[in-house]
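The values are calculated or read from the model by the stated rules, or taken from the named source; none is laboratory data. Since this is a predicted model, take the numbers as computed values, not measurements. Because the Cβ atoms are built from the backbone with ideal geometry, glycine has one as well, and the counts that use them run over all protein chains shown. Please note that ligands, DNA and RNA were not included when accessible areas were found on the heavy atoms of the full protein model with its side chains. Shrake-Rupley method; radii C 1.70, N 1.55, O 1.52, S 1.80 Å.
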Amino acid sequence: MKPILLLLLIVLTSVASAGIAAFFVASDAAEHASHAAGPEVESALSPVVDSAAIDQRFERLEQSIADLAVAVQRRAAESVAAEPRLGKLADSAPLAAAEPAEEKLDARSAYESLLFGELGWEEREQLWQELRASGEIDAVLAMFEEAAALDPNNPDLQVDLGRAYIAKLQDGGSNLEVGMLATKADTAFDAALALDEGHLEARRQKAVSLSFWPPVLGKQVEAAQEFELLIENQKQHPADESHALAYLWLGNLKLQMGDKAAAQGAWNDGLALFPEHAELLAQLSGTQD
């Protein structure tokens with residue numbers, strides 16, 4: 001039963017009970033008073049306890065109770081009739097789900113993914129690109145700087161810091177700013193190699209970063225030497241598909257330096273270990289015309 005109906009029924013019952021009780025209290029009081037006072041007083045009290053007036057009041061009370069009962073029944077019928085309409089309205093016009101707000105890229109989460117996550121090269125580059133687009137790259141770079149400063153003897157953190165500088169310099173800016181970031185990256189990679197000369201990722205990152213310096217700055221020879229050292233270091237480790245990239249990049253660099261024979265020699269050396277490598281095959285075939 002609806003709460004409003006239950007409340008009305010309680011009111012109805014209370015009113016009826018109160019009216020009936022009032023009637024009998026009045027009647028009993030009059031009767032007791034007349035008997036206690038004797039015949040003289042009885043005649044004096046008789047005008048006060050007017051049975052006809054009480055009957056009229058009781059009739060009016062009964063009518064009020066009847067009217068209230070009709071109102072309760074009408075309200076109950078309206079409530080029952082309204083329920084299907086409300087149900088149909090709810091079915092036909094469901095509340096629209098709020099569209100989730102676009103989640104902003106969180107610098108701390110991105111930093112932890114770059115530091116601890118098992119991200120491939122493309123995934124890592126995509127994340128750095130998102131950080132540049134969102135304006136959070138400076139915050140992430142600051143986190144890498146802080147981590148490397150707190151643990152300066154960790155070569156992995158130095159490599160991560162160097163990567164962060166490389167990612168930042170891709171924002172562009174003046175030649176001075178880009179040059180400063182490139183120098184900081186090179187310094188970080190050197191710090192990692194000073195701690196662990198055979199650190200493959202440090203050597204790879206240093207060689208790649210040097211290869212992007214403008215030729216006028218004379219870094220190409222140094223970059224080629226770093227790639228050659230990387231290839232020698234790789235031989236101390238189990239063969240991995242990623243090792244083919246050192247031969248690919250060395251050959252590309254030699255070709256930029258105008259030494260086609262040295263470039264083809266580097267690609268052939270890579271194909272001797274990784275004969276199915278598509279990029280090595282493409283580069284070699286493209287220079288054999």
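Computed values, structure above
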item	result
Boolean, GLN129 is over 29 Å from GLU197 (Cβ atoms) and open to solvent by 80 Å² or more (accessible area, probe 1.4 Å)	yes
Single residue of ASP269, ASP240 found to be under 43 Å from the mean Cα position of the chain (by Cα), within 26 Å of GLY198 (Cα to Cα) and open to solvent by 60 Å² or more (accessible area, probe 1.4 Å)	ASP240
Failed item in (1) surrounded by 18 or more Cβ atoms within 10 Å (Cβ to Cβ); (2) within 35 Å of the chain's Cα centre (by Cα); (3) hydroxyl-bearing (Ser, Thr, Tyr), with SER211 passing the rest	(2)
Residue satisfying all of: in segment 109-149; within 22 Å of VAL208 (Cα to Cα) and aromatic (Phe, Trp, Tyr); nearest to the chain's Cα centre (by Cα) among these	TRP128
Residue in segment 124-138 that is among the aromatic types (Phe, Trp, Tyr), within 20 Å of LEU105 (Cβ to Cβ) and modelled with pLDDT under 95 present	yes
Count of residues meeting criterion [charged (D, E, K, R) and in a loop (DSSP other than H, G, I, E, B)] in segment 252-289	3
Residue match in segment 186-208 (condition: more than 21 Å from LEU157 (Cα to Cα) and either among the hydrophobic types (A, V, I, L, M, F, W, C) or crowded, with 18+ Cβ neighbours inside 10 Å (or both))	no
GLU177 being within 27 Å of the chain's Cα centre (by Cα) and among the charged types (D, E, K, R)	no
Filter pass, PHE227 being within 30 Å of LEU176 (Cα to Cα) and open to solvent by 80 Å² or more (accessible area, probe 1.4 Å)	no
